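Okay, so here's the structure we're looking at.
The values are calculated or read from the model by the stated rules, or taken from the named source; none is laboratory data. Predicted model only: the values in this text are computed from it and were never measured. Every residue, glycine as well, gets a Cβ built from its backbone with ideal geometry; the counts of neighbours run over all protein chains shown. Surface accessibility is based on the protein's heavy atoms, side chains included, excluding ligands, DNA and RNA. Shrake-Rupley method; radii C 1.70, N 1.55, O 1.52, S 1.80 Å.
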Amino acid sequence: MRAALLIVDMQEMLVPLVWRGEELAARIAALARKARESGAPVIALRQIGAPGTDFDPESPGTRVSALLGLEPVDVVVDKTATDSFYRTGLAGLLVDRGVDTVVLTGLATDYCVDATARSAQSHGLDVVLVADGHAPSSDGDPTTGLTAEQVVARHNLLLSTAIHPGGRLRVVPSAEVGFTGP
């Protein structure tokens, strides 16, 4: 197994809006350090949009959160869709690095994390979804009455039991995540 850490949309403007955002950022920063120590790549995805919108690529709020402690060796990939693989070159980047497993973290559980997990599997990658490494908005999903904690638990269950072509998906607590270097 050759793993890479994927950090989805942990951006300056989003971290304060999600469930336990700063705590999540600290947990992901620790995983990034662990990945680097093992020689595993750290790749942060950044949601961008059209100029003048909330996701204007020039807006300081779209920067990857400084709380993650990214280093120059880490890669930032811009994306324009919930699926981090859609028109980003992410799949090629992973192939070039010999990655067959992605350790998935970030925002938001019920949008970009879910879409990226499924797409990674469709690209033939195994996925380690960090059970306590992703979050929805602070209010969870008000339309269904689910709290943020329930949204996380539901997606951990759904993604771990879904029948999806390609790689397999496991849900693992951050304390148990390991990386294999080159």
Query raised in the report: In a shell of Cβ-Cβ distance under 9 Å around Ala108, excluding Ala108 itself, what net charge do Lys and Arg (+1) and Asp and Glu (-1) give?
Result: -3
Report summary line: the chain accessible area per residue, 1.4 Å probe, protein heavy atoms, integer Å², reads 46 Å²
Query - Backbone HN-Hα couplings from phi across region 55-68 [Karplus 6.51/-1.76/1.60, Hz, Gly and Pro as x] - result: 9, 3, x, 8, 6, x, x, 8, 4, 5, 4, 5, 4, 7
**Report entry** Segment Asp100-Ser38, extension gain: residue separation times 0.36 nm, minus the distance between their alpha carbons
**Finding:** 20.8 nm
Report summary line: To the nearest 0.05, the calculated FRET efficiency linking Val73 and Asp141 through their beta-carbon distance, R0 being 35 Å, is 0.45
Requested in this report: Using a 1.4 Å probe over the heavy atoms of the protein chains, calculate the carbon and sulfur portion of the accessible area of the chain as a whole percent.
Outcome: 54 percent
Query raised in the report: Could you give the semi-axes, largest first, of the ellipsoid that matches region 6-73, computed as the square roots of 5 times the alpha carbon gyration tensor eigenvalues and rounded to whole Å?
Result: 23, 14, 8
Query raised in the report: Any idea of Val95's accessible area? Nearest 10 Å², probe 1.4 Å.
Result: 110 Å²
Report summary line: If each K or R counts +1 and each D or E counts -1, the residues other than Arg154 whose Cβ falls under 13 Å of its Cβ total -4
Report summary line: Residues whose modelled amide H sits under 5 Å from the amide H of Arg2, counting only those 5 or more places away in sequence or on another chain, are Asp100, Thr101
Query raised in the report: Based on the alpha-carbon gyration tensor of the chain and its eigenvalue square roots a ≥ b ≥ c, which shape applies: rounded if a/c is under 1.5, prolate if not and a/b is larger than b/c, or oblate?
Result: rounded
